[in-house]
Amino acid sequence: MKGVYMDLAILHGIQNTIGCDFLDMVMPAITMLGEKGAIWLITGIVLICMKRYRRWGITLICGVALVWVVGDHIIKPLVARPRPFVVDPTLLPLLVEAPTDYSFPSGHTSASFAAATVLLFSNIKKPWKVLGLVVAILIAFSRLYVCVHNPTDVLAGLVLGVAAGIIVSLVSNALAQRYGWGEPAAVPQGKHSR
């Protein structure tokens, strides 16, 4: 029970310290990016359309699918944790439509960190990896700001997402190594064509 009070205290602390009209407008928009994993599925499709990154696009979509199955269809019904605004109605009214499913773990966060972890493993350029991580962090924080998740929901989503991202990336690397699927072969040192 102590953890519940800590979670709610953090949510109230966020609202009391940084809550403002600007963030009230921006955070719902950021949280919408993660709705149904949309931004990450679009990212995966874009990567699939580019031969050099195709394997990573498929891997990213597999990571998002894995956290959806494990988080939304196994863990959420098992834990059956109510949303924070249900436990503490003083968090109402919400800035977004009230979710009707359970709270633990955060699906937006798990999908975001699964995708960001896959991007970190991938061969895409570093600025895109950093952008993916920043977007994941913003989406996770937005879930707290709009009061639809407890901090422990978001933390669990982060852990689940990173774990799933690592698993699918390692499987992807193993398959690429075994079957020669993936990035083009690197040009050996000293044999650059002009």
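Hey, among the residues in segment 146-155 that are of a type in the set (V, I, T) and more than 21 Å from A65 (Cβ to Cβ), which one's most open to solvent (accessible area, probe 1.4 Å)? Here the answer is T152.
With a requirement of 2 or more residues that are of a type in the set (D, E, K, R), the helices (runs of 4 or more DSSP H) lying completely within segment 30-92 that satisfy it span 54-67. Could you tell me whether segment 55-64 includes any residue that is open to solvent by 50 Å² or more (accessible area, probe 1.4 Å), over 26 Å from G132 (Cβ atoms) and either modelled with pLDDT of 95 or more or not charged (D, E, K, R) (or both)? Within segment 55-64 (the criterion being open to solvent by 50 Å² or more (accessible area, probe 1.4 Å), over 26 Å from G132 (Cβ atoms) and either modelled with pLDDT of 95 or more or not charged (D, E, K, R) (or both)), the answer is no, since none of the residues qualifies. Among the conditions (1) under 21 Å from S172 (Cβ atoms); (2) open to solvent by less than 20 Å² (accessible area, probe 1.4 Å), P84 misses just one, which is (1).
Taking the numbered list (1) touching a Gly at 6+ places or on another chain (Cβ under 9 Å); (2) at positive phi in turn, C147 passes all entries but (1).
Tell me the residue from L95, L160 that is at pLDDT 90 or above and surrounded by fewer than 22 Cβ atoms within 10 Å (Cβ to Cβ), please. Full working, then the answer.
Working: L160 fails: surrounded by fewer than 22 Cβ atoms within 10 Å (Cβ to Cβ).
Result: L95 is the single residue among L95, L160 that is at pLDDT 90 or above and surrounded by fewer than 22 Cβ atoms within 10 Å (Cβ to Cβ).
When segment 104-145 is limited to residues that are at pLDDT 95 or above and in a loop (DSSP other than H, G, I, E, B), the one that is most open to solvent (accessible area, probe 1.4 Å) turns out to be F104.
The values are calculated or read from the model by the stated rules, or taken from the named source; none is laboratory data. What you are looking at is a predicted structure, and each value in this text was computed from that prediction instead of being measured. Using ideal geometry, Cβ is built from the backbone for each residue, glycine included, and neighbour counts are taken over all protein chains shown. The protein model used for the area step is the full one, side chains on, heavy atoms only, and it has no ligands, DNA or RNA in it. Shrake-Rupley method; radii C 1.70, N 1.55, O 1.52, S 1.80 Å.
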